Amino acid sequence: MRGRTVFTLLLLLSAISLFAGVYIGSVSLSPSDVTSSIVYGIERSLPGFSVPHAKPRFFIIVWELRLPRVLMAYLVGLSLASAGVASQALFKNPMADPYLLGISGGAGVGAAVGFEYFPSHVSLLAFAFSLLAVYTVYSISKVNGRIPVDTLLLSGVAFGFMAGAVTSYFVSIGKNSHLTYMWLMGSFSASGWGDVAELSLVLALGLPFFLWKWRELNLLLFGEESVTLGLNVQRFRKEVIFFVTLLTSVPVASAGIIGFVGLISPHIARLLVGPNHRRLTPAAALVGGSLMVAADLVARTVARPTEIPVGIVTAMLGGPFFLYLLRKHKRGELRR
């Protein structure tokens, strides 16, 4: 009963955050203007349906800019939070997040190269370099066909430092360094319906895997001892690495590097539903989606008409929370 109540509240929180994200923005619109624009957009999208009335005057702002941005923020939060839960199980470390595989470092290098030499292919290069980063970290970590978690973790951290140095080099000498710098802090300002469709497809592939494999994620926390419990640890680790990469690289390529969501959301969910991945994964996903929409809403309204990068907001929220987790971890009070 408690679990049902928690999930009901989380779904309600998601609905409230999405509603607030669409109806509140840097441009003040009346609720009727927003509603009429959404209704018109839905009617226009129906096949063979003839819209009987004129286009609302704020249709472009609501349907083409604000709505896809809010949906994209929710999906990115959903993705990073789900990948964060799996990463903490993979590394058997409650302080882990999806970026430890080198994804953010590789994406940063790809974006820097893209802004400097191929400005029309920044997202594609960020995605490609993030995949290359994970492959490099994975190849370095593999020992006789096995993937030691400690080696994987250290390889990811080392690669992240090297990639950060390369990205800093491009920022310091590049003609478009300001664009690279803004991308590194994350933003949904350029999100469109194509990005929403792309990420929805990725989530449709990755999220069901983690929801389906909740027992295996529980067993993964036992490490090599899970073999005696019927789990092929090495094969499952490879599967987890693949889907964590998928659920992290696409959001990063589309919206830039947004920190702490993949770390914070799983811990908030643990406080609500406990450590069992059967409930933890969906709860963390819902928390991550709502948290990201709220952070983006703050980013575009707190200093309007100026917009601040959403990564700054998540860092301001996540930094103190991370220190709190670190303190609990040192005391041995943090559950995996």
**Message:** Kindly evaluate Ala253 against the criterion of being at pLDDT below 95, hydrophobic (A, V, I, L, M, F, W, C) and surrounded by 24 or more Cβ atoms within 10 Å (Cβ to Cβ).
**Reply:** yes
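State yes or no: is Leu272 under 17 Å from Leu13 (Cα atoms), touching a residue at least 40 places away in the same chain (Cβ under 8 Å), open to solvent by 10 Å² or more (accessible area, probe 1.4 Å) and not basic (Lys, Arg)? Outline the logic, then answer.
Working: under 17 Å from Leu13 (Cα atoms): yes; touching a residue at least 40 places away in the same chain (Cβ under 8 Å): yes; open to solvent by 10 Å² or more (accessible area, probe 1.4 Å): yes; not basic (Lys, Arg): yes.
It is true that Leu272 is under 17 Å from Leu13 (Cα atoms), touching a residue at least 40 places away in the same chain (Cβ under 8 Å), open to solvent by 10 Å² or more (accessible area, probe 1.4 Å) and not basic (Lys, Arg).
Looking only at the stretch 172-195, which residues are assigned to a helix (DSSP H, G or I) and either in contact with an Asp or Glu (Cβ under 8 Å, 6 or more places away or on another chain) or surrounded by fewer than 19 Cβ atoms within 10 Å (Cβ to Cβ) (or both)?
First, the residues of the stretch 172-195 that are assigned to a helix (DSSP H, G or I): 172-173, 177-184, 193-195.
Scanning the stretch 172-195 gives Ser172, Ile173, Ser177, His178, Leu179, Thr180, Tyr181, Met182, Trp193, Gly194.
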**Item:** Number of the condition not met by Leu231 [criteria: (1) open to solvent by 50 Å² or more (accessible area, probe 1.4 Å); (2) part of a loop (DSSP other than H, G, I, E, B); (3) of a type in the set (A, V, I, L, M); (4) more than 18 Å from Gly256 (Cβ to Cβ)]
**Value:** (1)
**Prompt:** Hey, any hits in the stretch 114-124 for a residue that's over 21 Å from the mean Cα position of the chain (by Cα), among the aromatic types (Phe, Trp, Tyr), over 22 Å from Arg237 (Cα atoms) and not in a helix (DSSP H, G or I)?
**Reply:** yes
**Request:** State which residue is farthest from Ala190 (Cα to Cα) when the search covers only the stretch 62-105 and only residues that are of a type outside the set (Phe, Trp, Tyr) and not in a helix (DSSP H, G or I).
**Result:** Lys92
**Message:** Between a residue in the stretch 223-239 that is modelled with pLDDT of 80 or more and any residue that is open to solvent by 80 Å² or more (accessible area, probe 1.4 Å) and not in a helix (DSSP H, G or I), which pairs come within a Cβ distance under 8 Å, given they are 6 or more apart or on different chains?
**Reply:** Gln234/Arg146
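The values are calculated or read from the model by the stated rules, or taken from the named source; none is laboratory data. The structure presented is a predicted model; accordingly, all values stated were derived computationally and were not measured. Counting neighbours? That spans all protein chains shown, and the Cβs are built from the backbone with ideal geometry, glycine included. Side chains included, ligands, DNA and RNA excluded: accessible areas come from the protein's heavy atoms. Shrake-Rupley method; radii C 1.70, N 1.55, O 1.52, S 1.80 Å.
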